[in-house]
Amino acid sequence: MDKVFCIITGVILLALVICSLFIGKYPLSAEGIITNQGIQRKVFWTLRFSRTIMSVWGGFCLGITGFTFQTIFRNPLSSPDIIGVSSGASAGAAAGILFFSGSLYVTLSAFLGAFGAVIVTLLLASLDNSGRNNSIVLSGIAVHALAQTVLMALKLTADPEKELASIEYWIMGGLNNISLYDMKIPAVICIISMLMLFMFHRQVLLLSADSAEAKMLGVDVKKMQFIILLISTLAVACTISLTGLISFIGLLAPHTARLLTKNNRRTTMVLSGLMGSVILSLADIFARSAASTELPVSIFTSLIGAPFLIYLISRRRNAV
Amino acid sequence: MSFFAVNNLSAGYNGRNILNNISFQTENGSIVGVLGTNGSGKTTLLKAICSIINHTGSCILENKDISSLKPKKLASICAYIPQRSGIDIDISLLDVVCMGFNSRIGIFQQPTSEMKKQALNALNKVGLSQRADENYRSLSEGQKQLCIVARTLVSNARLFLLDEPESALDINYRYKIMALFGTMVKEQNSCVITALHDPNLALQWCDRLILLKNGEISDIIEPKKDCIIKMEKALSNLYGAVALTVCKDHLGNEHYVLLNQSEEFLCSLK
């Protein structure tokens, strides 16, 4: 049954990919692309194709990492944000916008910000020898606060006309202005990270037991947690350094997948990724076609995510 | 040389010692019970033996100090059942039991079909094979405990540490589980050390009982060897006023029964 859900979601994703390639301000047709009418082929390859790939890949990555975080922390609201990835990326991107020029440098500094924040979180957590999961969460909260302070300080020094607007726009997230050229290295890192997370799936499940229990099942808890969180962070940092912050997909996709399969098997992990791709592709199609100007994609992911969060809370209350 | 020996073990939490200089030995093929009142250090003792908490002293299993072993090696020779499992995700019973094979397979490997058969067999032993594909979270606390027992059964460990495995079980399963471990230790020549709250269960199934009081061993008794007066005295020292008596079941088998003795009765004797 799990595989059937994966196939159906895959088919929906394929349909959305086709829609994503042809929906937008500039009308495209298959014939026009093949015969290269006007600038159709150029629009197709430089704008539509890259952002469609990005929405599929970005959603998949956020779905898989959301699944991993929620399982490891045994917390249905966990996502990479809780260990400081997003706030680190925002501070990094702001520094990139202020001190360097060019989108490549912004991407690079956002990646370094995200990755640096998680390294600091994990190092702080390693100071606590009790082996409790919440030491990582608490360290994440501290790093998040620190990164927010850095971000505020950077915003204060930014030129309100140009730099501040760029920072705010980056934080709102979006899939425009992403070229295939920018995606090459992050895509390779992301694919490798995703493959490794699939391979570590059994260890992720073992870490869902408490740390003493996991240790007595033969898991080197601290080491394994560090490796898996690092791989997840690498994937998320690669994605959001290109797209900016995208809310709720890491939360929404795994829950939708679990609601369907009622388990945490590897197929559910794949389904979480596919759900993430579907949600982000759908949100991106709306973001570029709902208004005369392009809207931030997070508006649409939040529009779906916030009611879903309320549903989750009410479901848990009813369960008690 | 004994099968398993604990020497001068001290352990505690946040710098405060709960256990002081605990030493005892166990033989293979035996069940050792740990009895004590709440807060006497039963769980701490089990957690210290398997190095879940820091401790001083040594724990020697078949001439090897298990304190310094890496988790995978430790899990291959020592299995542990906590009072309550921390698993709180949607996962099938079969997958939970297959977690017990982790020490025998590589990080990226999946349990083989033969292992899955063994897992089903273990679930059958605890009466849950019909529910192998059901969600672990849908089980009652007692059934969850049985599932964790099944996971322990497949581990092929030499030493089993059980922290009040009977606490969530009904009377039938309490005895069934102890019988299961009793058969297993004899067949595999292994050893079970179990913290128990029910002294009657302990007196029936354990070869040796370690009585813990205020973090120290107050007595060690052997129900199959020691006289009833000695055992009653040792248990009274632990629980206060108790009476130990023998009664027969319908098959004529004798069992020890520990009864709580009212203080008024003891006063009237004086």
(message) Is there a quick way to get the dipole size of region A:2-319? I mean about its Cα centre, with the Cβ of Lys and Arg at +1 and of Asp and Glu at -1; what is the value in debye to the nearest 20?
(response) 820
(message) With just the Cα atoms defining each centre, how far is region B:222-247 from region A:60-86? Give it in Å.
(response) 54
(message) I'd like the mean, over residues of B:90-103, of how many other protein chain beta carbons sit within 10 Å of each residue's own Cβ.
(response) 4
(request) When a/c is below 1.5 the answer is rounded, else prolate if a/b is larger than b/c, else oblate, so apply that to region A:172-320 with a ≥ b ≥ c taken from the square roots of the Cα gyration tensor eigenvalues. (result) oblate
(request) State the percent of C-alpha pairs, over all pairs in region B:1-92, separated by a distance greater than 21 angstrom. (result) 35
(message) What's the longest uninterrupted piece of chain A once you rule out the trypsin sites (Lys or Arg not before Pro) that are loop residues per DSSP with at most 12 other Cβ within 10 Å?
(response) A:163-320
(request) Return the Cα extents of the protein assembly as shown along principal axes one, two and three, sorted largest first, each rounded to a whole Å. (result) 106, 50, 47
(request) Would you calculate, for the protein assembly as shown, the mean residue ellipticity at 222 nm contributed by helices, counting each DSSP H stretch of 4 or more residues as -39,500 (n - 2.57) and dividing by all residues, to the nearest 500? (result) -18500 deg cm²/dmol
(message) Give the aspartates and glutamates whose C-alpha is closer than 15 Å to that of B:K72, dropping any in the same chain fewer than 8 places away, or say none.
(response) A:E213, A:D220
(request) Find how many whole Å separate the alpha carbon centroid of region B:76-154 from the alpha carbon centroid of region A:223-277. (result) 26
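Against the empirical 2.2 N^0.38 Å scaling, what ratio does the C-alpha Rg of chain A come to?
1.00
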(request) Could you list, in their original order, any pairs among A:K215/B:K116; A:K215/B:K224; A:K222/B:K176; A:K42/A:K155 whose Cα atoms are separated by more than 25 Å? (result) A:K215/B:K224; A:K222/B:K176; A:K42/A:K155
(request) Please report, to one decimal in angstroms, the Kirkwood hydrodynamic radius of chain B built from all distinct Cα-Cα pairs. (result) 19.6
(request) Express in whole angstrom the spacing between the alpha-carbon centres of region A:194-208 and region B:6-42. (result) 35
(message) As I understand it, the dipole of region A:195-320 uses +1 on the Cβ of Lys and Arg and -1 on the Cβ of Asp and Glu, about the Cα centre. Which of A:L205, A:T293, A:T243 lies farthest toward its positive end?
(response) A:L205
(request) Mind checking which lysines have their Cα closer than 19 Å to the Cα of B:K117? Skip sequence neighbours fewer than 8 apart in that chain. (result) B:K125
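Bear in mind these aren't lab numbers, they're just calculated from the coordinates by the rules spelled out. Remember, predicted model here, so these are calculated numbers, not experimental data. We place every Cβ from the backbone using ideal geometry, glycine too, and count neighbours over all the protein chains shown.
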